[in-house]
Structures are given as structure tokens and as C-alpha cells.
1. Any chance you could tell me what percent of the C-alpha pair distances in region 122-171 go past 16 Å?
2. Given N residues in region 411-477, what is its alpha carbon radius of gyration divided by 2.2 N^0.38 Å?
3. Can you compute the equivalent ellipsoid semi-axes for region 85-135, i.e. the square root of 5 times each eigenvalue of the Cα gyration tensor, sorted largest first and rounded to whole Å?
4. So how much slack lies between Lys484 and Gln458, counting 0.36 nm per residue of separation and subtracting their Cα-Cα distance, in nm?
5. Given a Förster distance of 60 angstrom, what is the FRET efficiency for Arg325 paired with Phe51, based on the Cβ-Cβ distance and rounded to 0.05?
6. What does DSSP give for region 52-205 in terms of the percent of beta bridges that are antiparallel, rounded to the nearest 5?
7. Give, in nm to one decimal, the length gained when the segment between Met1 and Asn356 is fully stretched (0.36 nm per residue of separation minus the Cα-Cα distance).
8. Separation between the Asp306 and Arg343 pseudo-spin-labels, each 7 Å from Cα along Cα→Cβ, expressed in nm?
Amino acid sequence: MNLSKSKYCNGIQCKKMLWLDKHKPEVKEDVGNETVLENGNFIHEIARYLFGPHVNIEFNEDLSEMLRNTALTIDSYRDVVITEASFDYYGNFCSVDILVKKGNKYEIYEVKSSTTLKDVYIKDASYQYYVLKSLGLDVTKVSIVYLNRNYIRHGDLDLKKLFIITDVTSMVESMFDEVGENIKGINEYMEAKTEPNDDIGEYCFTPYSCPFFKYCSRHLPENNVFNLAGMSYAKKVAYYRKGLFRYEDLMNEKLKADYKRQMEYELYSKEDYVDIENIRKFMNTLTEPIYFLDFETYQIPIPLYDGLGPYSQIPFQYSLHILDRGELSHKEYLARTGIDPRRELAESLVRDIPMNVCVLAYNMSFEKTVIKKLADMYPDLSEHLLNIRDNIKDLMIPFQNRWYYTRDMHGSYSIKYVLPALFPDDESLNYHNLDLIHNGSEAMSSYADLANHSEEEQAYIRERLLRYCELDTYAMVKIYKKLKKMCWL
Ligand code: SF4
């Protein structure tokens, strides 16, 4: 079969992934790899300038055109930096992110959008080394280029500091024969006319989540070990291998109380558990007026503004419900398109939330972190912002501590599980009923993409963003009221 860098990496994770991709693409599921891909493309565009002027080989559906352009460029220059230089060795195709040619010597730079050096990146580079070396090129150096998580932008983007370049030459050299064997193994495997019956294993989740897991695990009952919230994949696979994958089997195992609780409630449809004393103690720590706060943020690999590092959270929106003597009011902020929203959002926040009031968030560490970063950035607003941060309480606590637990929470205390479990029939709290934006990642990508839309479309998307975020804090109000009613009925 014709291989590429990504197909080779998929193939060494699990050959069946390639087989299913070719013969049963309709059973593939979306596992969120698109964002990783978009980030990767973005990083490649920036990293191209690491070595100064370069010749880019434009992508072409007709790969032979890319091969031809690469050969022409190599022949035309003694020394040159080529991006996306493309090569093919008997159907094993690869485009090198950055190829540095110095006379007859070549250096490969593989660019990644991650902030850590992963084993799979070295495998990816070893495939490229194999292809170029097999074609007779004198490759003297192979390196992985990835993001420096400690870089903070001040002024112009400093590419030399933004990226870390790690030399992996000796590692890929030692893997040369292994790559040849792997390619041979993949090709033999792909000749199978009927579906191979490889079993599921840890490789279904690492290094990447496989989009065929639902299909490959279709023989498992609904209540199976892979649905246990919070257990590591390694442990799940170990139980599966021992044949202990049904909840009924696992109930006799020595397991954490949280897992046992989830299984018990789901197997025997147990009544809701409520520890009213602890919930009451928690509720007594909250004093009205209460400010229910939720931020939306976006993250991109390249720090766009001063004070940001790779993947820093940039808050662009918040929703605020205020409950005061039984009256509910609502405030909101959504940044204008294309601005650095941090200062404006921080000013709006200190206008909307007075000092020394009770602020309620769900999973408060996120809101606290966002506010602390704003306080560090804007010393003139710092006192007020830190006061807001210090007064935040977490509505997640009763659920995290399992003082309130129901079967439909499925072992989770995330608001996305808790809310439908508490209000199964309340359509006003159903995120599926929202138009266009139904979750945080859709909000993030919609905001980041606003500038690519017409004014009319932007207005429509902005309205959807506002309604999504409003539902987040409205949901908190409903949960708060439900707990209050339980405590003091
Ligand atoms: S789910 Fe697992 S076994 Fe199935 S194709 Fe993916 S990695 Fe292979």
C-alpha cells in the first residue's frame, strides 16, 4: 500500500486502523483530531521562517507534481531551505516539514504543535529518514521542532525562543531496519481480503485515540469497564484482558469506592444518594447576592499577544447571572472580533462584580486561573480582580464529594453529566436545543473563526455564543436553587 508519514504512524499504532480506514471508512468516528491538525498546520506556517528564506513546495493532489518540484529545487540550489520537500521510495511517500540542504548533505526538521517531545514523533522522523536515506540522500541530521512551553511573548515573536529543536539523529539511525520491517509488515497485513480480528488493547488509546474504538468494541455489553469514569486506560485494558469487563464481574474486584458506586447505581438502578448534612454545610457558606460566573476562553499554539505563551488561555467572553433577594438578572461580555480581549474583559468584570460578594463557579480552578492571569497583567485592576477571585466558591463540591449522586451521573461530576441527571425533563437546560454552539470547544472555534465571516454571519454567531454561555450560568442557578430547596424545604 502507499504510505505517508501519518499512515505509517497509524500503522505502527495498529495495522487494523489502516485496514478499516480503507475498507470500512463509514464506521469511523470523530475523536477530535481535527483541532490537532489545524494547530499543526498553523505551527508549520510559522516554523517555516526558523531558518530564514525558503522555497515552499506547494501541496498538489497530484503528488508526482510535488516530487518533480522538489527535485527541480534540489537541482537548482547548492544550499537551500525547502519546506514540504517531497520524496517517494517505492510507494512510501513523505513531505519533510523543513529540509535544509548544504551542498550534498541534508538535515530533516519535523515540526510538531506540542510542547513535549513524544516517542511517536521520533517514529515519524525515523520513517522520513528511512525514505530519504533509501533514496541515497546523505542525511546528516534529524531533529524534532516543538513548542517551548516556558516562552512568554514580549514584543515581536522570537522564533528561536518559541521553538525547541532536539537532535534525534542517533535514534532514527538505529531504527532504520525496524522501519523497513514495519513497512513490510503493514503491506502484508493490508493484503487481507477479510476483516482481521485483532482485539482491542492499550494501543486503541495511545499515542492517539483511535476513531474505530466504538466499532472494535461492539462485542462488549453496555455496562463495561471502558465506561468507568476516571479509571486509566491501562487498568481498563488489564481487566479486559483478564476477561473481567462486565460490571457484574468487576463488582467482586478490589476497586476504588467511586468505581463501585458507579457500577452499583447503573446495575441496580439505585435510588439517588443525598448527604443532606454536608450539602447544607456547603450551602451555608454561600451568601446572597450570588454572582454566577462562567468564562469562555480560546487557546492557540502561537502566543498572539504580550504576556502569553504557547496555548495560553485567552478569555473572550463571560456570562454572569446575579441572584439577589429572589430576583435574577443577567450580564454578559463578548469581545469584539479581532482584538486582544483581555483588558476590556477585565474592566467589564470589575464593573459587573463588586468587591466582597459571593461568586459561584462550577469547577472554580478554571475561573480562578483566568482571573489571576488578568490580575498579573493589569496591576491597576489587580486588587479588585483578586478580591473577586478570592471570593469564588465552587458549586461542583457537593457532586465532586459525592454528597449528591445519581445513576445518570455515570461516575462523573462534570456539569455536562450533573445537569441532565438533576433535570432530565427540563428542555430549557438541554444544550442540544441550542442553535450552532452546544459546547465549549464549539464556542472556542466559533469565536476564533469569527473574522472569516461576513458581518451578518458574525452577528448570528455572536448571538449564538451569548446564548450558549448564558445557559452555562443559568444551569448553575438552577442547580443552586435545587440544592437550596432540598436543604430547607
Ligand atoms: S480500535 Fe483498537 S483494535 Fe480497532 S482499529 Fe483502532 S486501535 Fe486497532
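Since every read-out is calculated from the coordinates, none of them should be taken as a lab result. Being a predicted model, the structure only gives us computed values, none of them experimental. Here the Cβ is made from the backbone with ideal geometry for all residues, glycine too, and neighbour counts use every protein chain on show.
1. The share of Cα pairs beyond 16 Å in region 122-171 comes to 51 percent.
2. For region 411-477, the normalised Cα radius of gyration is 1.23.
3. 19, 14, 9
4. 5.4 nm is the gain from fully extending Lys484 to Gln458.
5. After rounding to 0.05, the efficiency reads 0.40.
6. Percentage antiparallel, nearest 5: 70.
7. Extra length available between Met1 and Asn356 comes to 121.2 nm.
8. Result: 0.9 nm between the two label points.
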